[in-house]
Amino acid sequence: MAPTALGAFDCIGGAGQDTAMIDLAVNAAGELWAVSAHDVYQLDISSAPGTVHCAATYALPAGSATFYGLTFAPAGVIDPNSEVLVAADTAGELWALEIVAGSVQLTQHGTFGTVPANDGHGNTYANAGKPWELSGDIAFFSRNGSNVGLATVRDCPNPPSATGCSTTDTLVEIDLSLVATAGTQAVIQSVIGQIVKAPTCSDAAHTSYGSLYGIATNGTDVFGFSHAGNIVQVSTLDGSGCLLQSIASDLWVGAASTSAL
């Protein structure tokens, strides 16, 4: 079944506006936020049918990195009482984004650390010891009383440059207790595994999956949305994946799921 389009963003592509929306995030209350190369937006999808309205626009600080992953940290992770918007960049850094007096305030809350020699399942990395790059997305959520964090990352020879990077993504688990502290500490709890085709998968077109620029969760299921238009179900046990659907007309850039499950 093909996705249903809600409409075009009314703050993207016009004069003086960024050309693309990079990622989305939704909190437990259903509030939808997005990020482009230079701005953060609070969205409204109900005010005008066929249009995704940017109800509020906040400029990112000059010189800040481009954020490719966006999610909400559940209440109790960074703020004891409220969810906090968190973004990740290709340099493998995580940042809390808070709106203070109408301006975006950035505070670093960790890094993805360095690439190991292998993923624990027999799959090796060409760039061991280099910083992980964010391949596409992060997802934080609360499940059965526990806070969980996931990300799709990749190993690259010259991070944070995308040149020569692995075409196979890796699923990692993030320790949200480490994200709670501001700083440059590594926050990966474990490397779940490279997203290679699962043995039970009948997909004949792929041996692995990469450029998963969006990830979303539904209970215990994790789904990756690739820039090639593929929707992939990913195992949280070993990172293996299987193609569910390919929609060549939809080049995914981001995805979002609620932070409360």
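The values are calculated or read from the model by the stated rules, or taken from the named source; none is laboratory data. Fair warning: this is a prediction, and the values are worked out from it, not measured in the lab. For neighbour counting, all protein chains shown are included, and Cβ atoms are generated from backbone atoms with ideal geometry for every residue, glycine included. SASA here: full protein model, heavy atoms, side chains in, ligands and nucleic acids out. Shrake-Rupley method; radii C 1.70, N 1.55, O 1.52, S 1.80 Å.
Descriptive notes on the structure:
- For the range 46-77, the tally of residues that are surrounded by fewer than 14 Cβ atoms within 10 Å (Cβ to Cβ), modelled with pLDDT under 90 and of a type in the set (A, V, I, L, M, F, W, C) stands at 2.
- Among the residues of the range 78-124, those identified as open to solvent by less than 30 Å² (accessible area, probe 1.4 Å) and at positive phi are Gly92, Gly110, Gly113.
- Unmet criterion (only one of (1) assigned to a loop (DSSP other than H, G, I, E, B); (2) open to solvent by 20 Å² or more (accessible area, probe 1.4 Å); (3) touching a strand residue (DSSP E or B) at 6+ places or on another chain (Cβ under 6 Å)) for Cys201: (2)
- In the range 203-215, the residues that are in contact (Cβ under 8 Å) with a residue 40 or more places away in the chain and more than 15 Å from Ile247 (Cβ to Cβ): Ser208, Gly210, Ile215
- Annotation: Val191 fulfils all but one of (1) under 18 Å from Gly120 (Cα atoms); (2) surrounded by fewer than 21 Cβ atoms within 10 Å (Cβ to Cβ); (3) touching a strand residue (DSSP E or B) at 6+ places or on another chain (Cβ under 6 Å); the unmet one is (2).
- Pair list, Cβ under 9 Å, 6 or more apart: the range 93-122 residue under 23 Å from Leu171 (Cβ atoms) and part of a strand (DSSP E or B), other residue of a type in the set (D, E, K, R) and open to solvent by 60 Å² or more (accessible area, probe 1.4 Å): Thr114/Lys130
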